[in-house]
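The values are calculated or read from the model by the stated rules, or taken from the named source; none is laboratory data. Note that this is a predicted model, so its numbers are computed, not measured. Note that we place each Cβ from the backbone using ideal geometry, even for glycine, and neighbour counts take in every protein chain shown.
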Ligand code: NAD
């Protein structure tokens, strides 16, 4: 499909690193969640089949922490970009800190902590807020509820929309992602050659995506970039 660049279209692509300074652990840093939990146990269909209680408890804890966390300066600066640009935030995050900072177009590729769905009918999705779910909590068909999270091996959400947002953006800002999770990371290749493209992170990306790299914490670097884009 052919896409044309829209001059005021700005895409922000985020990962767990943007929420780290709000107190939410990332997955892969040295103090990350994978240090204490195995991916296979808590983020795969097999893990769910083996021990659903462990999985529910893991996400109950994440949901409670995310609800208690506050958006930080990076989330807030991104929301402010809407004063000048048509902004779409495409996030791998399952927290709602972008929405709570005021971003109006947020696309969650990997699901949302505040939602649960039926294990019998994936279309039956319920808003849970910060509440916990337990074994025995069922949908109206009588089937167990599970977190509405995309686990390893499951299909990413909103793929076509994410690709077309990347392909039509004149500015792209990537923040706080290790770019290890596919297919999400491959979205970076959909960006137009002539777009202004920046990656913000603690360490340089593991492969060259053709984006400029700005090293540092999201709360320091993102407001600087957003201020410049609002002024230009
Ligand atoms: P990741 O844990 O693989 O990588 C996080 C990246 O952020 C690392 O490159 C790290 O160096 C960087 N980082 C850490 N602190 C930072 C800071 N203060 N400022 C800027 N960068 C910082 O996370 P990922 O790439 O998002 O991918 C893994 C999966 O993690 C996603 O699918 C997502 O669903 C899930 N996840 C989400 C949350 C959340 O919603 N807050 C939390 C943990 C994991």
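Worth pointing out:
- In the set 39, 5, only one residue is within 19 Å of residue 111 (Cα to Cα), more than 7 Å from the ligand (Cβ to nearest atom) and modelled with pLDDT under 95; that residue is 39.
- Selected residue (criterion: nearest to residue 181 (Cα to Cα)) from residues of region 85-96 that are within 11 Å of the ligand (Cβ to nearest atom) and in contact (Cβ under 8 Å) with a residue 60 or more places away in the chain: 92
- Of the residues making up region 115-126, those that are touching a strand residue (DSSP E or B) at 6+ places or on another chain (Cβ under 6 Å) and either crowded, with 18+ Cβ neighbours inside 10 Å or outside any loop (DSSP other than H, G, I, E, B) (or both) are 115, 116, 117, 125, 126.
- Breaking point among (1) within 18 Å of the chain's Cα centre (by Cα); (2) away from the ligand (no atom under 13 Å from the Cβ); (3) buried (at least 18 other Cβ atoms within 10 Å of the Cβ), for residue 201: (2)
- Number of positions in region 93-107 that are touching a strand residue (DSSP E or B) at 6+ places or on another chain (Cβ under 7 Å) and within 18 Å of residue 169 (Cβ to Cβ): 5
- Residue within region 134-148 that is farther than 18 Å from residue 68 by Cβ, within 13 Å of the ligand (Cβ to nearest atom) and not in a strand (DSSP E or B) present: no
- Qualifying residue in region 45-68 (condition: modelled with pLDDT under 95, surrounded by fewer than 16 Cβ atoms within 10 Å (Cβ to Cβ) and within 11 Å of the ligand (Cβ to nearest atom)): no
- Condition check for residue 112: surrounded by fewer than 17 Cβ atoms within 10 Å (Cβ to Cβ) and either more than 13 Å from the ligand (Cβ to nearest atom) or under 22 Å from residue 14 (Cα atoms) (or both): no
- Residue 82 meets the conditions (1) free of Cβ contacts under 8 Å to residues at least 24 places away in the same chain; (2) closer than 29 Å to residue 49 by Cβ in every case but one. The failed one is (2).
- Checked against the criterion of being farther than 30 Å from residue 218 by Cα, in contact with a helix residue (DSSP H, G or I) (Cβ under 8 Å, 6 or more places away or on another chain) and modelled with pLDDT of 95 or more, the candidates 97, 135, 109, 141 yield just one match: 135.
- Exactly one residue out of 185, 167 is within 14 Å of the ligand (Cβ to nearest atom) and part of a helix (DSSP H, G or I), and it is 185.
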